[in-house]
1. Which ³J(HN,Hα) values in Hz, rounded to whole numbers, follow from the phi angles of the range 287-301 under the Karplus curve 6.51 cos²θ - 1.76 cosθ + 1.60, where θ = phi - 60° and Gly and Pro get x?
2. Just the number, please: carbon plus sulfur as a percent of the accessible area of the range 73-151, 1.4 Å probe, no ligands or DNA/RNA counted.
3. Based on the Cβ-Cβ distance of A278 and T3, what FRET efficiency does E = 1/(1 + (r/R0)^6) give at R0 = 22 Å, to the nearest 0.05?
4. If the label point is 7 Å along Cα→Cβ of K326, which residues in the range 142-159 have backbone nitrogen under 15 Å from it?
5. For M41, what charge total do you get from the other residues with a beta carbon under 12 Å from its beta carbon, if Lys and Arg give +1 and Asp and Glu give -1?
6. Between E222 and M306, 0.36 nm times their residue separation minus their Cα-Cα distance comes to what?
7. Given charges of +1 on the Cβ of Lys and Arg and -1 on the Cβ of Asp and Glu, with all other atoms neutral, how large is the dipole of the chain about its Cα centre, in debye to the nearest 20?
8. How many Å² of accessible area per residue for the range 18-127, probe 1.4 Å?
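The values are calculated or read from the model by the stated rules, or taken from the named source; none is laboratory data. All figures in this text were calculated on a predicted structure; none of them were measured in a lab. Every residue, glycine among them, receives a Cβ derived from its backbone with ideal geometry; neighbour counts consider all protein chains shown. Surface accessibility is based on the protein's heavy atoms, side chains included, excluding ligands, DNA and RNA. Shrake-Rupley method; radii C 1.70, N 1.55, O 1.52, S 1.80 Å.
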Amino acid sequence: MKTLRIAVTPGEPAGIGPDLIVALAQQVWSAQLVIFANAQMIAERARQLNLPLTIIPFDSDDHQPAPVGALIVQDVPLDGTVIPGTLNSEHGHYVVETLRLACEANMQGHFDAVVTGPVHKGIINQSGISFSGHTEFFAHRSNTADVVMMLATEGLNVALATTHIPLAYVSKAITQERLHNVIRIIDHDFKTKFGVAQPHLFVCGLNPHAGEDGHLGREEIETITPALDALREQGMNITGPLPADTIFQPKYLAQADVVLAMYHDQGLPVLKFKGFGASVNITLGLPFIRTSVDHGTALDLAGSGMADTGSLRQALNKAIELANQKNE
Ligand SMILES: NC(=O)c1ccc[n+]([C@@H]2O[C@H](COP(=O)([O-])OP(=O)(O)OC[C@H]3O[C@@H](n4cnc5c(N)ncnc54)[C@H](O)[C@@H]3O)[C@@H](O)[C@H]2O)c1
Ligand SMILES: N[C@H](C(=O)O)[C@H](O)COP(=O)(O)O
């Protein structure tokens, strides 16, 4: 079996992404991890953390995984000094360039997956680049009209009908077309990538108590239920819309392959309460495999050696698992 090659972006240089990469370089990986980052910044972070690190420049002809204590790096230029914990808007272009290069490398078929560390959306926007998240960025760069953000932890998968948009826009963004596209992507990816023959989706309502028969909001009656009914008629196994405050209970979760939440903070607080630090963010519907961490830049911990590597480890392992299945 050929050795997998995975692109890894550590994300915001002032955050914990570089710390996590350096920490995970202290173990053997079955795949070749290629870090898209500034080599000098990564080496400096290793010094700050007092961890051994050898940088190996990326050579596309060499498919060997890095030995313990080393990282294979595709160097990306970065001007100025990086101070762990201190954001610098001059670094926004660098961060986006690491994502662009990793995306291109995957689009061209040179890599088996991309795994991303945390970026700081605010500082990228301050640098003059409109950016709402990796999910939207990779969808745009790969010309993919609809993708789905799903976070997965042991015993719970939560997908989102809308991602990084203001709460005030959510109701308008939930259309029958969007729900059809999102649910078709989930159904397809669970069947083809996760080996679930007939995925069972549990779908949240948008309003309190799923609208209480229209007395607390009409989106369930006018949009969500008709969309789900049409998909049920096509043979999909869908329960809902159910009130979001009671959908996350063992009785339902025992039957659910995935819970579809209508917006970011309807579903992700539940997922992160259950499994923060042990969850993976997976983008469904992209033309390549992409996984990520469940946490942000944690500026308060950058350079301290206190950041938990659990989620990045899981994101790497999930990408390797999905890539191996794809190659079977
Ligand atoms: N994957 C991503 O790129 C991603 C994900 C979530 C948030 N973010 C971004 O990160 C920035 C900061 O967001 P935030 O402060 O809401 O969330 P955060 O996850 O950075 O931090 C929240 C809290 O969790 C702790 N924490 C986070 N990761 C940890 C780890 N690996 N080990 C130990 N403790 C950890 C932090 O110290 C902090 O107390 C924002 O700009 C946000 O958009 C990025
Ligand atoms: N919504 C994600 C979370 O809360 O964990 C996070 O912001 C990262 O999203 P992207 O992978 O789209 O950057």
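1. Listing the rounded values in order: x, 9, 7, 9, 10, 7, 7, 9, 10, x, 6, 6, 4, 5, 10 Hz.
2. 45 percent
3. Details: r = 27 Å, r/R0 = 1.21.
Once rounded, the FRET efficiency stands at 0.25.
4. What the label zone holds, given the 15 Å backbone N cut-off, is 142-144, 148.
5. On the way: positive: R45, R47; negative: E12, D19, E44, D75, D79.
Cβ neighbours under 12 Å give a net charge of -3.
6. Working: separation 84, 0.36 × 84 = 30.24 nm, distance 4.87 nm.
Fully extending the segment from E222 to M306 adds 25.4 nm.
7. Numbers: 21 positive and 33 negative charges, 71 e Å.
Magnitude of the dipole: close to 340 debye.
8. 44 Å²
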